Amino acid sequence: MDAGSALIELQRIDVEILRNRKALEKIPEAAKVAEVRGRLKELARRTTKIVGLLKDQEMACRDGQEDREDLMRRAHDLERENARADFRRVRDNNAELDRIAKRVEKIDYDAEKAKGEIRRLHDLLDQSQKIKEALEQRERELLVAFRDSAKSLREDLGTLAAQRETCLASLAPELRERYAASCKAHGAVGAAQLDGGTTCTGCGMQLQPSQIDALRVGPDISTCPVCGRLLVVRTHA
């Protein structure tokens, strides 16, 4: 196979690969899998936020318990001191004991509130876990259905990929680079033929006589003067 024929075959293969990939994307299960994965991602963000809030509440409970223990030790010391203190000292100690009692009461109130919030957050985590398990099960089911629907397309893609490697190997490195650059510039269709000797099959434009004359005396593989694609002017059987 000459270079021009190999180039046209490579372009045919690439168009077929692109068509099959688009067909894969349009399989109904593909969109459903993407939707489920999006929900899992959002659920993960929500779960991370819940875990952060839970840690904050648990830390607040621990800090409050430590403060309470310090206050209770201080109250115990004041009560022991009252047993041997004079009236003025007892009066001052009792005033401090009242303040301690109010602070302990506030700590207990905040602790109960925090415990309620902790229970609520744990419930949310349990719900999130159940939702996650259900979504993961749905994802597995959809992937099985997708693989079944996509089997023939994937087999075709495997065959086309092997054919593509064979075509690429038959082209000179410089021509491979030119083809890759042309595909990138022209939406995957980087090569065309001179149809009927007058029209570029890539852009569909009929060339001017002077342009055709220039192509006919030039190399077998040139460039379309209109669209810039690689243009196979002639092939050799």
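Annotations for the structure displayed:
- Unmet criterion (only one of (1) in a helix (DSSP H, G or I); (2) touching a residue at least 24 places away in the same chain (Cβ under 8 Å); (3) over 40 Å from the mean Cα position of the chain (by Cα)) for Gln211: (2)
- Of all residues in segment 17-55, those satisfying the criterion of being of a type outside the set (A, V, I, L, M, F, W, C), modelled with pLDDT of 95 or more and more than 16 Å from the chain's Cα centre (by Cα) are Arg46, Thr47, Thr48, Lys49, Gly52, Lys55.
- For segment 159-195, a residue qualifies if it is part of a helix (DSSP H, G or I), under 12 Å from Ala6 (Cα atoms), of a type in the set (A, V, I, L, M, F, W, C) and in contact (Cβ under 8 Å) with a residue 24 or more places away in the chain, and the qualifying residues are Cys167, Leu168, Leu175.
- Number of residues in segment 141-163 that are modelled with pLDDT of 95 or more and among the basic types (Lys, Arg): the value is 0.
- Arg45 vs. criteria more than 30 Å from Arg140 (Cα to Cα), assigned to a helix (DSSP H, G or I) and basic (Lys, Arg): no
- One residue alone among Asp108, Asp148, Asp156, Asp98 is among the acidic types (Asp, Glu), part of a helix (DSSP H, G or I) and surrounded by fewer than 11 Cβ atoms within 10 Å (Cβ to Cβ), and that residue is Asp98.
- Scanning segment 6-39 for residues that are under 26 Å from Thr235 (Cα atoms), in contact (Cβ under 8 Å) with a residue 12 or more places away in the chain and surrounded by fewer than 17 Cβ atoms within 10 Å (Cβ to Cβ) yields a total of 3.
- Pair list, Cβ < 7 Å and 6+ apart or interchain, from segment 107-135 residues that are over 11 Å from Leu53 (Cβ atoms) to residues that are β-branched (Val, Ile, Thr): Ser128/Thr47; Ser128/Ile50; Leu135/Val36
- Of Arg74, Arg62, Arg84, Arg91, all but one fail to be outside any helix (DSSP H, G or I), of a type outside the set (S, T, N, Q) and over 31 Å from the mean Cα position of the chain (by Cα); the exception is Arg84.
The values are calculated or read from the model by the stated rules, or taken from the named source; none is laboratory data. Bear in mind the structure is a predicted one, so any value in this text is a computation, not a measurement. Positions of Cβ are generated from backbone atoms using ideal geometry, with glycine treated the same way; all protein chains shown enter the neighbour counts.
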